[in-house]
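Please treat every number below as a calculation from the coordinates, not as lab data. This one's a predicted model, so the numbers in the text were calculated from it and none came from an experiment. Note: ideal-geometry Cβ built from the backbone for every residue, glycine included; neighbour counts use all protein chains shown.
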There are 2 protein chains.
Amino acid sequence: MELLQKKIVDEGIVLSEDVLKVDSFLNHQMDPKLMQAVGKEFASRFQDKKITKIITLESSGIGPALMTALELDLPLIFARKRKSLTLNHDLISASVYSFTKQETNEITLSRKFLSKDDHVLIIDDFLANGQAALGLIELVEQAEATVSGIGIVIEKAFQQGGALITDKGYLLESLARIESLRDGKVTFAKSESKQTI
Amino acid sequence: MELLQKKIVDEGIVLSEDVLKVDSFLNHQMDPKLMQAVGKEFASRFQDKKITKIITLESSGIGPALMTALELDLPLIFARKRKSLTLNHDLISASVYSFTKQETNEITLSRKFLSKDDHVLIIDDFLANGQAALGLIELVEQAEATVSGIGIVIEKAFQQGGALITDKGYLLESLARIESLRDGKVTFAKSESKQTI
């Protein structure tokens, strides 16, 4: 997705060989027009998958996921990272380790919002080690619903998440695939196209 | 806002005299068309305020705030509830006590995204005791920017938050004002109109 790649090149800050900071348009400050374009792109890539629900993980996934949900006219559920007092019964949960934050979060979803007839599109802002995406997949499968695809805004293709997901047979669409952050520079993977089994 | 009131009556669950659960359309599952309508309504109410930035607090504020940002074509910043490893220098912070979760969170914002020339619209999903809104106001004022208004999706008008904010002279617009949750029933305040000093 050219608009997104341009934004990453123009505004992304390479902090190390592993860490790309995109807090000016994606995960702290958000560019709503870019989020809308991202939503339209996901909607177009998954439009023939008979999706019935979209899920994401708070907080940075909510923007792109909400815009996709708006385009596809479908409900969005955002999984929470901790239990809250007003959301505490009949939860589905999974453990997710964050390498960035070096901590394990329990991510939770109310069972009542997913049924076994649901075909679910999982959206997230980043794919690196794949732990968050795998946790979301686990939530959907605990509800006996079907994972119809995973849409990622920025995939760090030099990390293992993409392979972990596609090796299990899931459809993955990443709008920008970064091959390397070496020498303080963002290099995109040549193949931006979808990875399917 | 009639559409919102109808949704609250149809789908809101009164858990106690203090707690209204709206997790089917606002703060766990989200209705994107309703969020879009909420965004259009906020945009219309604040369109003459020369807003330059919108801020909210993760996570439930992001939906309505992003839709407002899209309508007004302005950047959105969401304040975070904890410091992350990749977002750790030159932060503005404030302490916010959550009565629901019975804990104090430090909310933070990168100083670089707000300047003293900014006119900021604060958006949040709920206003009850006003602690989150006051924390967001504090962040804006630490950056020496101007708070141009506060937009709330659902105000529990029987709690003190609204008065705390308007008594300080801030413009507050709440799209639904709940007068009482007694007898398991939602009663809206007669005046839905804006509270100004």
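Some observations on this one:
- Summed residue charge, Cβ within 15 Å of A:R182's Cβ, Lys/Arg positive, Asp/Glu negative: -2
- Bridgeable lysines around A:K101 (alpha carbons under 16 Å apart, same-chain partners fewer than 8 residues away excluded): A:K21, A:K81, B:K81, B:K83.
- Each copy carries a label point for A:S44 at 7 Å from Cα toward Cβ; from one copy, the others' points are 3.1 nm away, ordered from shortest.
- Across the identical copies, how the A:I13 labels are spaced - nm, sorted shortest first, 7 Å along Cα→Cβ: 4.3
- Packing-based exposure ordering (other Cβ within 10 Å, fewest first) of B:I122, A:I77: A:I77, B:I122
- Calculated from backbone phi, Karplus (6.51, -1.76, 1.60) coupling profile of the range B:47-62 in Hz, x at Gly/Pro: 5, 9, 9, 6, 5, 10, 8, 10, 10, 8, 10, 4, 9, 5, x, 5
- Under-5 Å amide H pairs with B:F126, H placed in peptide plane, nonlocal only: B:V153, B:I154
- Note on chain A: antiparallel DSSP beta bridges, both residues inside, total approximately 40 percent of the bridges counted.
- Bridge type composition, the protein assembly as shown - antiparallel percent by DSSP, nearest 5: 45
- Between the range B:123-197 and the range B:20-42, the alpha-carbon center distance in angstrom: 17
- Our summary gives chain A a relative contact order of 19 percent, counting only alpha carbon pairs under 8 angstrom and 6 or more residues apart.
- For chain A, calculated [θ]222 nm from helices alone, where every DSSP H run of n ≥ 4 adds -39500 (n - 2.57): -8500 deg cm²/dmol
- Exposure proxy shown here: for A:H119, B:H28, the number of other Cβ atoms within 10 Å sets the order, fewest to most, as A:H119, B:H28.
- Counted residue by residue at 0.36 nm each, then reduced by the alpha carbon distance between them, the extension gain from A:R82 to A:Q102 reaches 5.6 nm.
- The modelled label-to-label distance for the pair B:K168/B:L15, using points 7 Å beyond Cα in the direction of Cβ, is 2.6 nm.
- For chain A, the longest principal axis of the Cα atoms and the long axis of helix A:131-142 meet at an angle of about 20 degrees.
- Order of B:R80, B:R45, B:R182 - criterion: other Cβ atoms within 10 Å of each residue's Cβ, fewest first: B:R182, B:R45, B:R80
- When A:D183 is represented by a point 7 angstrom out along its Cα-to-C-beta vector, the spacings to that point in the other copies are 7.5 nm, nearest first.
- Pairs over the 23 Å Cα-Cα cut-off, from the set A:K33/B:K49; B:K7/B:K40; B:K7/B:K190; A:K6/B:K49; A:K7/A:K40; A:K7/B:K112: A:K6/B:K49.
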